[in-house]
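Report on the following structure.
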């Protein structure tokens, strides 16, 4: 007769052993990444902080003016919003947060687009990648913090790692979708003229999938931004840190001020990345 | 005539159990039985075709007949399950990727039903595409693409994007893009089917015009019989993945290979297909000018009970016709010369004149229309009744038997 396993299966032990094994085996690699990663991040933030805040705000406002078809809405919002953050004394935290999301988004895009292409081209790969992405997206984001600390200690680098895991899915999915939804006749046209696979990819598929891929990148950037507060729990500096402190000390006012700063940043980043994906001809 | 493409036992099976299904096709089991026994669909069933250099070869069939699959196997956009496609004697099915790419780049171009233009590229960039993937230097490919656009009268639009052009213009770009590579073979998959009827006719004319100047081998896919008949030097009719008949347009209309083809050609507008040659009487009543006088001419007409008669020289060169009443008058007046009575205004047509174009000539005259060759020699005559009966259903058989 079939018996139910009455004993608890040692799932957590297995995961712990596996993580420990990873930490032990790849400690050299993890140390390397942690060391150079944090050095790079602090250099990056330092470079950002060299720029005088007023000039910085002006540059972002100009960028949003030209990226948004020369409409005045976003530039005005940028001036007021960033001016408010500067006024509240959150400039340093803002730069830390920008550095975190920029690097996390770039890493995610660099790794995510090739995975998306693979998954568009190969049905077997797609069948494996899709459930992995589902898993990564639905697992509570806090859970990633634990191995992130195990691998990279605390600070900026594990924050980027956790954001990367959390935000990878949209870039991969949208790249996959963008390539798969291309009119098959265009693919045939490209092949019928004797394109190699890479000519087909770079001259036809990626340009045609561009708008969809950009929508995915926009989603990825927004997800990294939403990880800012969570990542602050493992010592990633930035606006999220202030929110966390306010939470721990039950300071409603402080929490609101930092939270609002995150919202302002989110709006600017969202509109800017969206405008990158827009068709210039339209 | 040299053979350009030889298609041998070309078979495409979709779905599972392809091996098993292929065995069954070799035994000649029907498509439906194969589907029942194996679950596999036979897209193209042992197609055999010989396509000559410089001809427009039309493959016609309804949707699902396998014509699009067949044409895609000619440049291996679809990989055949079995069979051979020999282009200039070389089997492209056996080629490795690099050689296949060479063939696609240099020898075969394709034109698509929905034009297949890249929406993110300008008209010029689209036209350059085939040259670009060959790695041709930027200046040269621009020059060649501009030349191709200029030939199609599209040069002013070169910096526009496809969605700024009408359907007809887009397909002209599609054709110009195919021609920019200077291919020996062009595959046209329902190339004009998405265009409205007037534009479609223009494009057909343009294609025929193009073919007059530069003989390329064109494989043209269509579901439209009128289009097939207009364009095709030869036509292959497909049904359920099989090629059921390959013939010239006339032969298909006149000798349908089976009931299916017969039903297909039933409601064709024959006036667009039949020519004077098809409906003319090759044994008209005529007299030779130098051997007759008014009396013998009148006698001839009275015997045959006709109101006029054609007059030719001894070598059959057309001279004109005589009117019975006028001849009778002349006989009474005692005039024997027929020359003064000769009407030289007899309408004439060439044997290849379409019946459609005979309407205007024939509708308000009493005389028959003479069919003459380029040396004015009489080949036959067309009478009004023949035009009408050729277009009616029963008339067809009479025409065919005449």
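For the criterion of being part of a helix (DSSP H, G or I) and more than 10 Å from chain A (Cβ to nearest Cβ), residue B:145 passes.
Here is a check on your reading of the model: is residue A:150 at pLDDT below 90 and either touching a helix residue (DSSP H, G or I) at 6+ places or on another chain (Cβ under 9 Å) or not in a helix (DSSP H, G or I) (or both)? Against the criterion (at pLDDT below 90 and either touching a helix residue (DSSP H, G or I) at 6+ places or on another chain (Cβ under 9 Å) or not in a helix (DSSP H, G or I) (or both)), residue A:150 qualifies.
With the condition kept exactly as written, say whether any residue in the stretch A:239-250 is under 17 Å from the mean Cα position of the chain (by Cα), more than 30 Å from residue B:160 (Cα to Cα) and in a helix (DSSP H, G or I).
Yes: the stretch A:239-250 contains one or more residues that are under 17 Å from the mean Cα position of the chain (by Cα), more than 30 Å from residue B:160 (Cα to Cα) and in a helix (DSSP H, G or I).
Among the residues of the stretch B:63-78, count how many are more than 10 Å from chain A (Cβ to nearest Cβ) and in contact with a strand residue (DSSP E or B) (Cβ under 8 Å, 6 or more places away or on another chain).
9
If the condition is being at the interface with chain B (Cβ under 7 Å from one of its Cβ atoms) and in a helix (DSSP H, G or I), then the stretch A:185-196 contributes A:185, A:186, A:188, A:189, A:191, A:192.
Residue A:182 versus (1) more than 8 Å from every other protein chain (Cβ to nearest Cβ); (2) part of a helix (DSSP H, G or I): which is the lone unmet condition? Residue A:182 satisfies all of (1) more than 8 Å from every other protein chain (Cβ to nearest Cβ); (2) part of a helix (DSSP H, G or I) except (2). Only helices (runs of 4 or more DSSP H) whose full extent lies in the stretch B:308-397 are considered here, and the ones with at least 3 residues that are at pLDDT below 80 are B:355-362, B:384-391. State which residue is nearest to residue A:199 (Cα to Cα) when the search covers only the stretch B:93-112 and only residues that are in contact (Cβ under 8 Å) with a residue 40 or more places away in the chain and surrounded by 18 or more Cβ atoms within 10 Å (Cβ to Cβ). Step by step, filter the stretch B:93-112, then rank; the result is B:105. The set of residues from the stretch B:119-144 being in contact with a helix residue (DSSP H, G or I) (Cβ under 6 Å, 6 or more places away or on another chain) and farther than 21 Å from residue A:187 by Cα comprises B:141, B:144.
Looking across the stretch B:83-92 at every residue that is crowded, with 17+ Cβ neighbours inside 10 Å and over 16 Å from residue B:52 (Cα atoms), the one that is nearest to the other protein chains (Cβ to nearest Cβ) is identified as B:92.
The combined condition, being in contact with a helix residue (DSSP H, G or I) (Cβ under 9 Å, 6 or more places away or on another chain), touching a residue at least 24 places away in the same chain (Cβ under 8 Å) and either surrounded by 15 or more Cβ atoms within 10 Å (Cβ to Cβ) or in a loop (DSSP other than H, G, I, E, B) (or both), is not fulfilled by residue B:71.
Of the numbered conditions (1) out of contact with any helix residue (DSSP H, G or I) (no Cβ under 7 Å at 6 or more places or on another chain); (2) closer than 30 Å to residue B:189 by Cβ; (3) free of Cβ contacts under 8 Å to residues at least 12 places away in the same chain, residue A:194 satisfies every one except a single condition; which is it? Here residue A:194 meets the rest and fails (1). Considering only residues in the stretch B:93-114 that are more than 8 Å from every other protein chain (Cβ to nearest Cβ) and assigned to a loop (DSSP other than H, G, I, E, B), the one that is farthest from the chain's Cα centre (by Cα) turns out to be B:96. When each of A:69, A:31, A:43 is tested for being surrounded by fewer than 19 Cβ atoms within 10 Å (Cβ to Cβ) and outside any helix (DSSP H, G or I), the lone residue that passes is A:69.
Can you work out which of the residues in the stretch B:126-141 that are assigned to a helix (DSSP H, G or I) and surrounded by fewer than 18 Cβ atoms within 10 Å (Cβ to Cβ) is farthest from the other protein chains (Cβ to nearest Cβ)? Checked the stretch B:126-141; the qualifying residue farthest from the other protein chains (Cβ to nearest Cβ) is B:139.
A residue that is at pLDDT below 95, buried (at least 16 other Cβ atoms within 10 Å of the Cβ), facing chain A (nearest Cβ under 9 Å) and assigned to a helix (DSSP H, G or I) can be found somewhere in the stretch B:158-177.
Scanning the stretch A:269-281 for any residue that is within 11 Å of chain B (Cβ to nearest Cβ), free of Cβ contacts under 8 Å to residues at least 12 places away in the same chain and within 30 Å of residue B:187 (Cβ to Cβ) turns up nothing.
Which of the following residues is modelled with pLDDT of 85 or more and not in a helix (DSSP H, G or I): A:81, A:89, A:37?
A:89
Residue B:153 satisfies every condition listed in (1) under 19 Å from residue B:213 (Cβ atoms); (2) assigned to a loop (DSSP other than H, G, I, E, B); (3) out of contact with any helix residue (DSSP H, G or I) (no Cβ under 8 Å at 6 or more places or on another chain) except (3). Under the condition of being outside any loop (DSSP other than H, G, I, E, B), in contact with a strand residue (DSSP E or B) (Cβ under 9 Å, 6 or more places away or on another chain) and within 14 Å of residue B:58 (Cα to Cα), the residues counted in the stretch B:178-210 number 7.
Within the stretch A:223-254, the residues that satisfy the criterion of being buried (at least 18 other Cβ atoms within 10 Å of the Cβ) and either touching a strand residue (DSSP E or B) at 6+ places or on another chain (Cβ under 6 Å) or over 17 Å from residue A:142 (Cα atoms) (or both) are A:238, A:239, A:242, A:246. The listed residues are A:175, A:171, and the only one of them that is more than 14 Å from chain B (Cβ to nearest Cβ), more than 12 Å from the chain's Cα centre (by Cα) and surrounded by 23 or more Cβ atoms within 10 Å (Cβ to Cβ) turns out to be A:175. Beta carbons closer than 7 Å, at least 6 apart along the sequence or on distinct chains, never pair a first residue in the stretch A:91-104 that is on the phi > 0 side of the Ramachandran plot with a second that is surrounded by 24 or more Cβ atoms within 10 Å (Cβ to Cβ) and at pLDDT below 90. Candidates in the stretch B:115-125 are the residues that are more than 28 Å from the chain's Cα centre (by Cα) and in a loop (DSSP other than H, G, I, E, B); of these, the one that is farthest from the other protein chains (Cβ to nearest Cβ) is B:122.
The set of residues in the stretch B:240-286 being surrounded by 14 or more Cβ atoms within 10 Å (Cβ to Cβ) and part of a loop (DSSP other than H, G, I, E, B) consists of B:240, B:241, B:256, B:257, B:268, B:273, B:274, B:280, B:284, B:285. Could you tell me whether the stretch B:335-348 includes any residue that is more than 44 Å from the chain's Cα centre (by Cα), surrounded by 19 or more Cβ atoms within 10 Å (Cβ to Cβ) and in contact (Cβ under 8 Å) with a residue 24 or more places away in the chain? The answer is yes, given that some residue of the stretch B:335-348 is more than 44 Å from the chain's Cα centre (by Cα), surrounded by 19 or more Cβ atoms within 10 Å (Cβ to Cβ) and in contact (Cβ under 8 Å) with a residue 24 or more places away in the chain. Scanning the stretch A:197-210 for residues that are more than 7 Å from chain B (Cβ to nearest Cβ) and surrounded by 15 or more Cβ atoms within 10 Å (Cβ to Cβ) returns A:200, A:201, A:203, A:205, A:206, A:209, A:210.
The values are calculated or read from the model by the stated rules, or taken from the named source; none is laboratory data. Please read all numbers here as calculations on a predicted model, not as lab measurements. Counting neighbours? That spans all protein chains shown, and the Cβs are built from the backbone with ideal geometry, glycine included.
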